[in-house]
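To start, the structure under review is shown below, and the notes come after it.
The values are calculated or read from the model by the stated rules, or taken from the named source; none is laboratory data. This one's a predicted model, so the numbers in the text were calculated from it and none came from an experiment. Using ideal geometry, Cβ is built from the backbone for each residue, glycine included, and neighbour counts are taken over all protein chains shown.
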Amino acid sequence: MKSADIAVIGGGVVGLACARALQRTGRRVTLIDEHEIGRGCSFGNAGLVAVDHILPLARPDVLGGAFRMLADPLGPLHVNWASLPSLMPWFTRFAMAALPSAVDRGTKVLATLLRDAVPAWKRLTSSNGHAELFKSRGYLTLFESPRSARAAANENKLLKDHGIRFHALSPADIRERVPALTMKMCAGRYLPDSAYTTEPFDVVRNLGRQFAGDGGEVIERQRVAGFTIENDAVRGVRLRDGEILANQIVLAAGVGSKQLAQQLAIKVPLVRERGYHVMVADEIHLDTPLLFADRGFVATPMEAGLRLAGTVELGAAAPNWQRADVLRRQASVLFNRPHLTETSRWCGDRPTLPDYLPMIGPAPNHRNVVLAFGHQHLGLSLAAITGELVTDVVQGRTPRLDITALSARRFGG
Ligand SMILES: Cc1cc2nc3c(=O)[nH]c(=O)nc-3n(C[C@H](O)[C@H](O)[C@H](O)COP(=O)(O)OP(=O)(O)OC[C@H]3O[C@@H](n4cnc5c(N)ncnc54)[C@H](O)[C@@H]3O)c2cc1C
């Protein structure tokens, strides 16, 4: 039987950031993944440290658009009719989280985390070439309709109140900054303090290499099936090929966390929120990523071409690749390129809780387990700060930021 000081379950960007941060405090860490590390949702994201995403997606305007979402299977947000009964408990909590007071609370929490997102990545990668992993050129969020431009003006006020720096852009500013874009935008904002990566998979792989190089153990292709529990502590994690005894456990298995958390008697209303990406090889020159707010996707200039990534699909079992086709069509329209050459496509499941806040902190019933999942659209953005918060909890220190709102207890059980 093997043993570890700390076992981290999940080799996505969140698990790797936790493992690396813990290792840097001198602890002996073992990371376990059921596949190859970095092949989950962290593989194909849009690559943004999305510092302006301070408003949780659970909010009245999104709730108000629910009927439109149900009606259009290819719209930016879609809910599969057939899964509606099983999603109802999640939607009930989503509706509660969309109450104005809850939105205010959630915004404050996300703003606190996102303000420190880029600095936390710099701290995590400082000695290992942050500049190679992330570009610090910022990105643009663009608003196409007058309606979304009005919403953006309200959001800008919130960003200002919460200390997120941005420059508001007029249609003329946008034309000047992005000559490749032929569709007119009503408004935009530039986020100078954000960052993006030109290959999200490399972020995970590099963290993995550094972790292994410094003596961390990586166990791939081994699914954690459950736990050996003694009184109020987990003594071991059960794998297909045996068991690993551990003093402390970090659960960071993305969408796989729900089933494991249930074994620890934690109620986790986590859903799979599917998104898609399409890579196109064409010469559309972008200096920075563009986030198209009305269409719900991002165009990021990556090493392998332009990545079109986004959309939200809830409750669908099999991928609906027409949604990826839509991403390509959207880009064709926006950049007036009728025939874009697609080189690859991908879909992945975001781990999403109904209040659009992650779950970070101690497990309620087992004193040596720390939870780190539910990062929805912000897993890459918040991985490094999550690693720091998890390390504080594991080391028995008061977390550097208030994580009360991220507690597992907020869903009862
Ligand atoms: C289209 C799209 C675009 C996105 N764009 C952005 C963006 O620009 N910026 C941003 O911040 N976020 C973005 N996201 C969200 C981000 O990708 C996720 O929040 C993030 O990848 C979640 O990371 P994770 O480590 O929690 O999960 P994952 O990357 O899914 O990792 C979880 C790991 O746990 C393993 N696992 C699961 N169950 C078990 C088990 N029982 N035993 C062992 N291992 C297990 C899995 O194999 C997996 O490797 C985007 C998502 C999508 C879909």
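Computed quantities for the displayed model
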| item | result |
| --- | --- |
| Residue check for residue 309: in contact with a strand residue (DSSP E or B) (Cβ under 9 Å, 6 or more places away or on another chain), of a type in the set (A, V, I, L, M, F, W, C), within 13 Å of the ligand (Cβ to nearest atom) and outside any helix (DSSP H, G or I) | yes |
| Some residue of the range 293-304 being modelled with pLDDT under 95, within 8 Å of the ligand (Cβ to nearest atom), β-branched (Val, Ile, Thr) and out of contact with any Cys (no Cβ under 9 Å at 6 or more places or on another chain) | no |
| Tally, over the range 248-270, of residues that are of a type in the set (S, T, N, Q) and either within 17 Å of the chain's Cα centre (by Cα) or in a strand (DSSP E or B) (or both) | 2 |
| Condition check for residue 299: hydrophobic (A, V, I, L, M, F, W, C) and in a loop (DSSP other than H, G, I, E, B) | no |
| Candidate set from the range 341-372 (those that are among the hydroxyl-bearing types (Ser, Thr, Tyr) and part of a strand (DSSP E or B)); member that is farthest from the ligand (Cβ to nearest atom) | 343 |
| Yes/no for residue 314 being of a type in the set (A, V, I, L, M, F, W, C), outside the structural domain of residue 11 (by TED's automatic domain parsing) and over 20 Å from the mean Cα position of the chain (by Cα) | no |
| The range 19-41 residues that are of a type in the set (Asp, Glu), paired with ones that are more than 6 Å from the ligand (Cβ to nearest atom) (beta carbon under 6 Å, 6 or more apart) | 33/220; 36/220 |
| Lone qualifier among 306, 357 - being under 21 Å from residue 65 (Cα atoms) and of a type in the set (A, V, I, L, M, F, W, C) | 357 |
| From the options 117, 95, 151, 71, residue that is among the aliphatic types (A, V, I, L, M) and under 29 Å from residue 400 (Cβ atoms) | 117 |
| Test: residue 137 is in the same structural domain as residue 385 (by TED's automatic domain parsing), charged (D, E, K, R) and over 18 Å from residue 17 (Cβ atoms) | no |
| Search result, residues across the range 1-37 that are part of a loop (DSSP other than H, G, I, E, B) and surrounded by fewer than 24 Cβ atoms within 10 Å (Cβ to Cβ) | 1, 24, 25, 26, 27, 28, 34, 35, 36 |
| Qualifying residue in the range 401-413 (condition: aromatic (Phe, Trp, Tyr) and buried (at least 23 other Cβ atoms within 10 Å of the Cβ)) | no |
| Hits in the range 311-355 - residues which are crowded, with 16+ Cβ neighbours inside 10 Å, among the aliphatic types (A, V, I, L, M) and touching a residue at least 60 places away in the same chain (Cβ under 8 Å) | 312, 314, 316, 326, 334, 340, 353 |
| Subset of the range 266-292 (residues that are small (Gly, Ala, Ser) and at pLDDT 95 or above) | 275 |
| Any hit, the range 48-63, residues being outside the structural domain of residue 159 (by TED's automatic domain parsing), in contact with a Pro (Cβ under 9 Å, 6 or more places away or on another chain) and not polar (S, T, N, Q) | yes |
| Count - residues of the range 97-121 that are free of Cβ contacts under 8 Å to residues at least 60 places away in the same chain and either surrounded by fewer than 17 Cβ atoms within 10 Å (Cβ to Cβ) or basic (Lys, Arg) (or both) | 6 |
| Some residue of the range 49-62 being modelled with pLDDT under 95, more than 30 Å from residue 203 (Cβ to Cβ) and in a strand (DSSP E or B) | no |
| Residues satisfying the stated conditions in the range 360-413, i.e. polar (S, T, N, Q), within 18 Å of the chain's Cα centre (by Cα) and more than 20 Å from residue 262 (Cα to Cα) | 381, 386 |
| Residue match in the range 296-310 (condition: within 16 Å of the chain's Cα centre (by Cα) and surrounded by fewer than 20 Cβ atoms within 10 Å (Cβ to Cβ)) | yes |
| Test set (1) at pLDDT 95 or above; (2) at negative phi; (3) within 11 Å of the ligand (Cβ to nearest atom) - residue 244 fails condition number | (3) |
